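Beneath this line is the structure, given in structure tokens, with notes to follow.
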Amino acid sequence: MSENCKKAYITTPIYYVNDVPHIGHAYTTIIADTLARYSRLIGLDTMFLTGTDEHGQKIEEAAKSRGRSPKEYADEISGKFKSLWDEFDISYDKFIRTTDEDHKLGVHKAFETMHAKGDIYKDNYEGFYCVSCETFFTKIQLVDDEFCPDCGKPTSIVKEESYFFKLSKYEERLLQWYTDDEKCILPKAKKNEVINFVKQGLHDLSITRTSFDWGVKLPEKMNDPKHVMYVWMDALMNYITALGYGKDDANMEYWNGTTVHLVGKDILRFHAIYWPAFLMSLDLPLPRHIGAHGWWTRDGEKMSKSKGNVVDPREVANAYGLENFRYFLLREVPFGQDGDFSQKALIDRINSDLGNDLGNLMNRIIGMSGKYSNLVIDSTNVMKYHEKEIKDAEAIIDTLEPFIFELQLNRFLEELWKVLTIANQSITAYEPWAKIKEGKEEEAMALVALVANLLAKVSVMLSSVMPKTCASISDALGFEITPENFNTIIKDKKLLETFTIKKLPALFPRIEHEELESPEPKVASKKEKKAEGIITIDQFFETKIKIATILEAEEVPKSDRLLKLKVDVGENEPRQVIAGIKEFYTAESLAGTQACLVANLKPAKIMGLLSEGMLLAAKDKEGLSLIRPESPKRSGTKVG
Ligand code: MSP
């Protein structure tokens, strides 16, 4: 980001309201928050946008299965996102909801503008649709002629009248943009994937649906009330409607500044192909960077509701500290690559990087200045004894900013930590305690002041990642982290004025691995393996059994045995279970009843239908009975 550019516009994806916030959402939002905070720190007029994506078939179905109206349901889940971000002190300037009336105005304006330009035409759509991904596919893209290539769920055949956007018209211009603007899509490897995709040829995009209702209707002047906007056409527009597009353009000047969109790799295609093509059609500038991050796995496995291994960001932040969690997320994985979340890795980062490298340093200068100078720290002799250390640190800091705006936050932190290494190594090399014994007090004091100055620089640079921690450090060092002090300490490279250091409690108390609430599963010992048929309690609990409420049941056509059930196990979306119980239960008798479900079985296909769990039942010669709780229990209650 250049200095002349005075406005920064940072966005997260708007989150679907069919799922409560998890670590993936927190990750994108924390990266965006870091960028926004850094932009403000360096004096850019910054707008940070997040929000929720509330229309579409997926939300309509999720609401219906809970007996709620889509709007009621969207209100509830959108509120959960907003309150988590507030709890996490996410510094967003606007929280947009696609159900906002102002947003709809902007979507209408965009549709009308594209239509007037001849970029929208009406035709018939015939193809396949994945509701879960809200994506259209052609037959050759499907797995086994039926399943979504992205999420593996069954697709449905769609044959309906639709308006199309002339995406194919923009193929050449998109390719030109990718070539001309080296950093428009980050990281580079992801950009190459996009280029290869576009080079295979772009089909025009169906941008309206008639088979469901929950969406933005077409503008009245189109006189075609049965159509609603395709959810991505609606959702992508949020980035401009949030600035007043279609209403009063009140904040559209941010769109002419530096725009950075943060997205996950799964939604890069929508952002790197559809979105710039829409913008070209609207004659609006293109974003500066679209950054695609990788996915988080848990202890090496893909996170999924059925495995019950989804990381709840609130739980982690409560257990280990919000800012430690932020640091871990940004430091642990190179941007764009998948990362693994494990408590062990998190604790190691806290103890090592934060505790040993940063926290100890703070303690040491508080201790030393307490002993040698009554807590007074004076920078007068720093350059006399430590010019090299200061210059080396400044040279590192001078290289840091591009890492932030080019989204290499792990590199940013890695480099910044080299300044802490300089500080820690200087203490070891100069042994201030020995200098004191030798009567070289001036040198000892200069060393303490060197470390204080290095810590001051680090706290300013680190403040967008760990705002509160850095505010405590800077407060102890007698200054506040502000854009003015960024200029003084980082840009103008000024040393701290004489100050009295404040004592601080340990910033990162050590966490012992034994304190882990759920230790990594132990590998069974040989002895355990020998006792055939006997399992340990841990092995038993590997099977997750939960109370399932049967919401709907229907017969599977052409099967004598199977019923197709929709069951609620306390997750955001009901699961589909195919159960071989038709000889013993009618579909009508099951709806509204409860049974026990093995919830962490690998999903399987039975007669081509996805089954996400197994109901427990007992069968003898008298027949089969489902295993049910004696009295009703909350859906999702653990059995065991
Ligand atoms: N509503 C769309 C975005 C529209 S933007 C105009 C959407 N929403 S989402 O809620 O499904 O996903 C939001 C983000 O969460 C995506 O960027 C996605 O990559 C991210 N993640 C979902 N699971 C994730 C992980 N396990 N790990 C990291 N991020 C992941 O898509």
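What follows draws every value from the coordinates through simple rules; no lab data is involved. Model, not experiment: these values are computed from the prediction. Cβ coordinates were reconstructed from backbone atoms using ideal geometry, including for glycine residues, and neighbour counts include every protein chain displayed.
Quick notes on this one:
- In region 7-293, one over the average inverse separation of all distinct C-alpha pairs is 19.4 Å, which is the Kirkwood hydrodynamic radius.
- Distant-in-sequence amide H partners of Lys494 (H built 1.01 Å from N, under 5 Å): Ile489
- Equivalent ellipsoid semi-axes - Cα gyration tensor, region 51-164, angstrom: 29, 22, 14
- Normalised contact order of region 528-639, rounded percent, pairs of Cα under 8 Å and 6 or more residues apart: 29
- Relative exposure of His261, His25, judged by other C-beta atoms within 10 Å (fewest first): His25, His261
- 25 Å tail of the calculated P(r), region 533-640, as % of Cα pairs: 19
- Compactness check for region 132-282: Cα Rg over 2.2 N^0.38 Å is 1.12.
- Using θ = phi - 60° and Karplus 6.51 cos²θ - 1.76 cosθ + 1.60, couplings along region 367-384 (whole Hz; Gly, Pro as x): x, 5, 5, x, 6, 8, 9, 6, 6, 8, 10, 10, 7, 3, 9, 4, 5, 5
- Theoretical ellipticity at 222 nm over the chain - DSSP helices of four or more residues, -39500 (n - 2.57) apiece, nearest 500: -11000 deg cm²/dmol
- Where GluC sites (Glu not before Pro) in DSSP loops with at most 14 other Cβ within 10 Å are excluded, longest remaining stretch of the chain: 183-437
- ³J(HN,Hα) computed for each position of region 329-338 - Karplus, 6.51 cos²θ - 1.76 cosθ + 1.60, integer Hz, glycine/proline x: 4, 7, 8, 5, 10, x, 4, x, 9, 6
- For Thr99, residues with placed amide H under 5 Å, excluding near neighbours: Glu54
- For region 7-293, the relative contact order is 23 percent, taking Cα pairs closer than 8 Å that sit 6 or more residues apart in sequence and dividing their mean separation by the residue count.
- Rg/Rg_globular for region 542-598, with Rg_globular taken as 2.2 N^0.38 Å and Rg from C-alpha atoms: 1.10
- Listed by chain and number, the aspartates and glutamates whose alpha-carbon sits under 12 Å from that of Lys371, ignoring those within fewer than 8 places in the same chain, are Glu441.
- Gain on full stretching of the segment that runs from Ser589 to Glu87 - 0.36 nm per residue minus C-alpha separation: 176.3 nm
- With a simple spin-label model that places each label point 7 Å from the Cα along the Cα-to-Cβ direction, the separation between Asp312 and Glu438 comes to 5.8 nm.
- Listing His115, His293 from fewest to most neighbouring C-beta atoms within 10 Å gives His115, His293.
- Cα-based helix-to-principal-axis angle, 441-462 vs the chain, degrees rounded to 10: 20
- With 0.36 nm allotted per residue and the present C-alpha distance subtracted, the Glu101-Glu552 stretch has 158.9 nm of extension available.
- Efficiency of FRET from Cβ geometry, Ser69 and Thr210, R₀ 22 Å, rounded to 0.05: 0.60
- Listing Val158, Val465 from fewest to most neighbouring C-beta atoms within 10 Å gives Val158, Val465.
- Spin-label pair Asp180-Lys605: with each label point 7 Å from Cα along the Cα-Cβ axis, the two points sit 4.5 nm from one another.
- Dipole magnitude of the chain, debye to nearest 20 (Cβ charges: Lys/Arg +1, Asp/Glu -1, about Cα centre): 960
- Pairwise Cα distances in region 11-94 exceed 15 Å in 58 percent of cases.
- R0 of 56 Å, Cβ-Cβ distance Asn363-Asp224: FRET efficiency to nearest 0.05: 0.25
- Here, region 252-387 yields an orientationally averaged convex hull projection of 14.4 nm² when only Cα atoms define the hull.
- Residues Glu160 and Lys117, FRET efficiency given R0 of 30 Å [Cβ-Cβ distance, rounded to 0.05]: 0.80
- Residues with amide H under 5 Å from that of Tyr16, placed H, sequence gap 5 or more: Asp53
- Relative contact order for the chain, counting Cα pairs under 8 Å that sit 6 or more residues apart, in percent: 12
- Tail beyond 18 Å, pair distance distribution of region 194-270 (Cα, percent): 59
- Where labels lie 7 Å past Cα in the beta-carbon direction, separation of Glu484 and Ser168 in nm: 6.1
- Extent of region 342-500 along its three principal axes (Cα atoms, max minus min coordinate, largest first): 48, 37, 26 Å.
- Taking all pairs of distinct alpha-carbon atoms in the chain, Kirkwood radius in angstrom: 27.8
- Gyration tensor verdict on region 111-210 (Cα atoms; rounded if a/c is under 1.5, prolate if a/b is larger than b/c, oblate otherwise): oblate
- Per-residue ³J(HN,Hα) for region 405-422, Karplus 6.51 cos²θ - 1.76 cosθ + 1.60, θ = phi - 60°, Hz, x for Gly and Pro: 6, 9, 6, 8, 5, 5, 5, 4, 5, 4, 5, 4, 5, 5, 5, 5, 5, 4
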